[in-house]
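**Student:** One structure coming up, written as structure tokens, with questions to follow.
Throughout, read-outs are computed from the coordinates displayed, never taken from laboratory work. Not measured: the values here are computed from a predicted model. Neighbour counts run over all protein chains shown; Cβ positions are idealised from the backbone, glycine included.
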Amino acid sequence: SQTIHQWPATLVQPVGSPLSLECTVEGTSNPNLYWYRQAAGRGLQLLFYSVGIGQISSEVPQNLSASRPQDRQFILSSKKLLLSDSGFYLCAWGGTGEEQYFGPGTRLTVT
Amino acid sequence: ILNVEQSPQSLHVQEGDSTNFTCSFPSSNFYALHWYRWETAKSPEALFVMTLNGDEKKKGRISATLNTKEGYSYLYIKGSQPEDSATYLCAYWADYKLSFGAGTTVTVRA
């Protein structure tokens, strides 16, 4: 069966510090991978998606970036965090048009 | 950015009552409409993936209908229970990605 891992579960970082969130998927190959964010009081916002290794599409211009160095690994990064980067970050995988499976999420607080 | 709208934003239901709420989405170039349930402190979980106009899907006391020609879907909860309390998200699939609505938060009062 497929599983999706995210870490860390919670993170408190000062403004201006770097960020690296990791997501890995097991039990499937060549999945579409997604990074979402839910800011306080807001809906689920798509940040990045990837349909293959090294292929990244950005949905929201901001100080975040994503990379997919391996088929089942998706990384969300920032060189300098902003207060507005606080939120709940979810990684998900899915096939084309099919249901998406979400990881447990990372709660990021930027202080 | 595709416009996916859900209403109402929130609703309170008495235990045992039935309820329904709406998702509207672009009716052109339709591929699929998803419904997810998101409970507090958990991750969203898929309820339904709907692709055919007129489709109706059911899972226990929860069901959904789809009208792709006019661009809307209804989610129904029959005989609401406290464990149905959650945010229900609909999402429109296009171009390899889902565009989510803001959700309808359902609170079931005992």
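**Student:** Out of the residues in the stretch B:26-50 meeting the condition of being facing chain A (nearest Cβ under 8 Å) and part of a loop (DSSP other than H, G, I, E, B), tell me which one is farthest from residue B:67 (Cα to Cα).
**Tutor:** B:43
**Student:** When the stretch B:1-25 is examined, which residues are found to be assigned to a strand (DSSP E or B) and polar (S, T, N, Q)?
**Tutor:** Start the filter on the stretch B:1-25 by keeping residues that are assigned to a strand (DSSP E or B), which leaves B:5-7, B:10-14, B:19-24.
Scanning the stretch B:1-25 gives B:6, B:7, B:10, B:14, B:19, B:20, B:22, B:24.
**Student:** While we're looking at this one, here's another question. State all residues of the stretch B:84-98 that are touching a residue at least 12 places away in the same chain (Cβ under 8 Å) and more than 7 Å from every other protein chain (Cβ to nearest Cβ); if no residue qualifies, say none.
**Tutor:** B:84, B:85, B:86, B:87, B:88, B:90, B:91, B:92, B:94 - these are the residues of the stretch B:84-98 that are touching a residue at least 12 places away in the same chain (Cβ under 8 Å) and more than 7 Å from every other protein chain (Cβ to nearest Cβ).
**Student:** Would you check which residues across the stretch A:88-100 are more than 7 Å from every other protein chain (Cβ to nearest Cβ), surrounded by fewer than 20 Cβ atoms within 10 Å (Cβ to Cβ) and either assigned to a strand (DSSP E or B) or among the hydroxyl-bearing types (Ser, Thr, Tyr) (or both) and list them?
**Tutor:** Selection gives A:88 alone.
**Student:** Of all the residues that make up the stretch A:101-111, how many are away from every other protein chain (no Cβ under 14 Å) and part of a strand (DSSP E or B)?
**Tutor:** Quick first cut of the stretch A:101-111, residues away from every other protein chain (no Cβ under 14 Å) only: A:108-111.
With part of a strand (DSSP E or B) added as a condition, the list becomes A:108-110.
Counting residues in the stretch A:101-111 that are away from every other protein chain (no Cβ under 14 Å) and part of a strand (DSSP E or B) gives 3.
**Student:** Hey, another quick one. Which count do you get for residues in the stretch B:95-107 that are of a type in the set (A, V, I, L, M) and touching a Gly at 6+ places or on another chain (Cβ under 9 Å)? Let's see the steps before the verdict.
**Tutor:** Start the filter on the stretch B:95-107 by keeping residues that are of a type in the set (A, V, I, L, M), which leaves B:98, B:102, B:106.
With touching a Gly at 6+ places or on another chain (Cβ under 9 Å) added as a condition, the list becomes B:98, B:102.
Number satisfying all stated conditions: 2.
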